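Undergrad: Supplied in structure tokens, the structure appears directly below.
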Amino acid sequence: MTRHTESSESAESTDSSESSEPTESEASYDRRRLRQWAAGRARAEGVARRDLLRLVAAAGLASTVPVALSAPRAAAAGPGIVKPLPPEWFIIHGTNAEARFESFADTGYTTPAARFFVRNHTTTPRIDAASWKLNIWGDGLTGRAREFTLADLRRFKPVTRTAFVECAGNARSFFATQQGRAGSGTPWTTGAIGVAHWRGVRLSDVLQKAGLSRRAVDIMPRGLDDEYVTSDGTSYGRVRRPMPVSKALDDVILAYEMNGSPLPPDHGYPVRLLAPSWVGISSIKWLGDIEVSTEPLYSPWNTDFYRLFGDAYPAEGSAPLTRQTIKSAFELPWNADLSAHTRHRLTGRAWSAGGAITRVEVSADGGASWRAARLHDRGQEGSWTRWSFPWKPTRTGPAELLSRATDSAGRTQPATTVHNTQGYLFGAVIRHAVTVSG
Ligand SMILES: Nc1nc2c(c(=O)[nH]1)N[C@H]1C(S)=C(S)[C@@H](COP(=O)(O)O)O[C@H]1N2
Ligand SMILES: [Mo]
């Protein structure tokens, strides 16, 4: 059975945001794709040939000597973000704005668009929705390329997904502060995440309408924002990352609304892809076109970026990242001042891309003992659960609060996360520093 046939079935049977694992492992799929590229049967425009040669060689599929992988560098511009970024809600990192996790304490379940983190490779483009068109093209279609206006998309049956968008690098800074070994990239704390009700149309419906061939294996959504150029002048082209057809047909939507209003400019207006549970880079903003291919596709975002590299990984890196990990965090400022002998109601959120959150425990003694927090939401994979925990500190001075989440797949946050050079998928227990004063 081909991947395509499997995923067509899952698209029909899946109406929720549940997603099924592809039967072939990502690693073997990746090796097969690399082999196809080496044999001239895959397309990789905008990916340096030496980068793919390095992957192919490192995977033991060819005898070329791999070249060193350079760390990604962010473009030098300031934040080209449209919405206001008040300091009580945001921390600016270059072109990106991190939400202050503690500020979520006064939001409800979803994150208001005004307070949602922004991760921009360049700057937010201003796009005219009236003349906007989505171009779907490639040899993975049965016929010619097709264009869809926003009005065309609105004629498909709308669906809503309640899901987080979380950057793969969220919590990256804890690799440095807790484990003594940094990962390159934006030093996010825990605020490179938000949850919204995303409304739009199923990508599977639109692909079927465009004439999806049974031979299609990958799609490549691409943004209309500027080309991503690093400080050394290398252009990676427009932001784009291939996705297997199995995911595209499963639970992915083309979203035009966020929490009941049109998408704001910073979050992809007029239309973005929304790939529930997957690393944020999969949810391409300001969507301009989607290539549908019968051959595996590559872009820098599934070769150089968004794989795990490092001591613990093969030289060609892990398979391209798909799902996010599991995390939990307190809605407390770092070094929050808490008075002794007072009962505090500590609050936080926990989330996992692998299942619903079933348990959150808190430790105030460095992890020696744990007590269960109270959960306030019915958990859902790919979204978060709010929790609270009463705490009455007795000893004054510096202290650490730890939270540890478990999901319905049985996964619990570990004490440490294996290091990777780009600091992706930090999932270990975070030791949150506070001060107890008398
Ligand atoms: N076109 C485009 N899409 C993009 C990006 C981008 O820079 N350009 N950034 C990606 C990354 S890395 C993340 S984490 C999410 C962030 O979504 P948000 O800015 O709406 O929070 O968008 C993804 N989609
Ligand atoms: Mo990201």
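The numbers here are math on the coordinates, done by the rules we state, and not lab data. On a predicted model such as this, the values are computed, not experimentally measured, just so you know. With ideal geometry, Cβ positions are generated from the backbone for all residues, glycine too; neighbour counts draw on all protein chains shown.
Undergrad: Can you give the percent of C-alpha pairs in segment 106-195 whose distance is more than 15 Å? Present the calculation step by step, with values, prior to reporting the outcome.
TA: Numbers: 3035 of 4005 pairs.
Of the Cα pairs, 76 percent sit more than 15 Å apart.
Undergrad: Could you give me D for segment 240-304, from Stokes-Einstein at 25 °C and 0.890 mPa s, where the hydrodynamic radius is the Kirkwood radius over C-alpha pairs? Units µm² s⁻¹, please.
TA: Numbers: Rh = 12.6 Å.
D = 195 µm²/s.
Undergrad: Follow-up question, since we're still on this one. Collect residues whose amide H, placed 1.01 Å from N in the peptide plane, falls under 5 Å from the amide H of GLY423; neighbours closer than 5 in sequence don't count.
TA: For GLY423, whose amide H was placed from the backbone, the distant partners under 5 Å are SER184.
Undergrad: P(r) tail for segment 91-139, what percent of Cα pairs lie past 12 Å?
TA: Details: 871 of 1176 pairs.
Cα-Cα pairs of segment 91-139 separated by over 12 Å account for 74 percent.
Undergrad: Would you mind ranking LEU141, LEU150 so that the residue whose beta carbon has the fewest other beta carbons within 10 Å leads the list?
TA: Values: LEU141 20, LEU150 17.
Ordered from fewest to most neighbouring Cβ atoms within 10 Å, LEU141, LEU150 come out as LEU150, LEU141.
Undergrad: Next up: Could you run the Karplus curve 6.51 cos²θ - 1.76 cosθ + 1.60 with θ = phi - 60° over segment 221-226 and give me ³J(HN,Hα) per residue in whole Hz, x for Gly and Pro?
TA: So the Karplus estimates, Gly and Pro as x, are x, 9, x, 9, 5, 4 Hz.
Undergrad: Further question on the same structure: Could you point to the residue in THR394, THR412, GLY354 farthest towards the positive end of segment 326-437's charge dipole, with +1 and -1 charges on the Cβ of Lys/Arg and Asp/Glu respectively?
TA: Of the candidates, THR394 comes out farthest on the positive side.
Undergrad: Using the Karplus curve 6.51 cos²θ - 1.76 cosθ + 1.60 with θ = phi - 60°, what ³J(HN,Hα) values do you get for each residue of segment 261-276, in whole Hz, with x for Gly and Pro?
TA: 10, x, 3, x, x, 5, 10, x, 3, x, 9, 10, 7, 10, 10, x
Undergrad: Which entries in the list LYS247/LYS327; LYS285/LYS327; LYS83/LYS157; LYS157/LYS247; LYS157/LYS209; LYS83/LYS327 go over 21 Å, if you measure between the two C-alpha atoms of each? Intermediate values should be presented prior to the final figure.
TA: Details: LYS247/LYS327 23 Å; LYS285/LYS327 24 Å; LYS83/LYS157 30 Å; LYS157/LYS247 19 Å; LYS157/LYS209 13 Å; LYS83/LYS327 27 Å.
Flagged as over cut-off: LYS247/LYS327; LYS285/LYS327; LYS83/LYS157; LYS83/LYS327.
Undergrad: Taking the convex hull of the alpha carbon atoms in segment 296-438, what volume per residue do you get, in Å³?
TA: Values: hull volume 18.1 nm³, N = 143.
Taking only Cα atoms, segment 296-438 has a hull volume of 126 Å³ per residue.
Undergrad: In addition: Over segment 156-285, what is the relative contact order in whole percent, taking alpha-carbon pairs under 8 Å and six or more residues apart? Before the final figure, lay out the partial values.
TA: Values: 238 pairs, mean separation 34.7, N = 130.
Contact order relative to length: 27 percent.
Undergrad: Between LEU263 and residues 5 or more places away or on another chain, which pairs have amide H atoms under 5 Å apart, with H built 1.01 Å from N, and which residues are they?
TA: GLU257, MET258
Undergrad: Then there is this: If you plug each phi of segment 430-438 into the Karplus form 6.51 cos²θ - 1.76 cosθ + 1.60 with θ = phi - 60°, what whole-Hz ³J(HN,Hα) values come out, in order, with x for Gly and Pro?
TA: Values, residue by residue: 8, 9, 8, 6, 9, 10, 9, 10, x Hz.
Undergrad: Can you put PHE104, PHE148 in order, fewest other beta carbons within 10 Å first?
TA: On the way: PHE104 25, PHE148 22.
With the fewest neighbours first, PHE104, PHE148 line up as PHE148, PHE104.
Undergrad: Of ARG349, ARG395, how do they rank once you tally other Cβ atoms within 10 Å and put the fewest first?
TA: Numbers: ARG349 28, ARG395 10.
With the sparsest Cβ surroundings first, the list reads ARG395, ARG349.
Undergrad: Quick one: which residues, 5+ away or cross-chain, put their amide H under 5 Å from the amide H of THR142? H built at 1.01 Å from N.
TA: LEU212, SER213
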